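Where a number appears in this text, it was derived from the coordinates with a stated rule and is not lab data. Because the structure is predicted, anything quoted here is derived from the model rather than measured. Positions of Cβ are generated from backbone atoms using ideal geometry, with glycine treated the same way; all protein chains shown enter the neighbour counts.
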């Protein structure tokens, strides 16, 4: 059975696609890409159909990741409820996600990306770089990237638990 991850930000053109494509690359490197599906969405419909922000696309390209096929999508409650792990990029995404998922499902599947950072993190939000500079995109990337090993570990634990059930 395929494990499903959905990353979520505001418009689905910066942070959530960066997280989606970073996770896809890490899963492929770990040999898990055949077992895990990753997609991204936005809590708003503002950017639906638009490509990844050029600054995010350039950053991903510098890391050897091609996101040119990305087109922004808005969240869909049914898709969210079908996911095994829903990863919010910032605190303002949590409320809409909890509402779409329902209290019980949100308690089981909804986490912040930075919940998976190594060690304690004071603020688990990743701020929207869209309003900032290249440095803000780099910071968002670094915050996403540091959480990737922890997310992969969670995927392995969940899949092992599922296999033994």
Full-extension gain in nm, residue 45 to residue 63, via 0.36 nm per residue minus C-alpha separation: 3.7 nm
Here are labelled values, (i) 22, 18, 16; (ii) 36, 22, 14; (iii) 33, 23, 13, and one is the computed semi-axes √(5λ) of the Cα gyration tensor in Å for what I pasted. Which one? (i)
In a Gaussian network model of the chain with springs linking alpha carbons closer than 10 Å, the residue among 133, 124, 109 that fluctuates most is 133
Exposure proxy ranking, count of Cβ atoms within 10 Å, fewest first, for 63, 93: 63, 93
Expected max-MSF residue from 106, 140, 69 in the GNM of the chain (alpha carbon, under 10 Å) is 69
Name the residues of the stretch 67-93 whose amide N is less than 18 Å from a point 7 angstrom out from the Cα of residue 121 along the C-beta direction? 85-93
Over the stretch 3-164, what is the relative contact order in whole percent, taking alpha-carbon pairs under 8 Å and six or more residues apart? 25 percent
Exposure-ranked with fewest Cβ neighbours within 10 Å first, 122, 134, 104, 37 stand as 122, 104, 134, 37
Under a 10 Å cutoff between Cα atoms, tell me which one of 56, 30, 72 has the largest fluctuation in the Gaussian network model of the chain. 30
Using alpha-carbon pairs under 8 Å, 6+ residues apart, how would you state the relative contact order of the stretch 94-149 in percent? 33 percent
Order these peptides, 73-80, 145-152, 7-14, 110-117, by their mean beta-carbon neighbour count within 10 angstrom, highest first. 7-14, 110-117, 145-152, 73-80
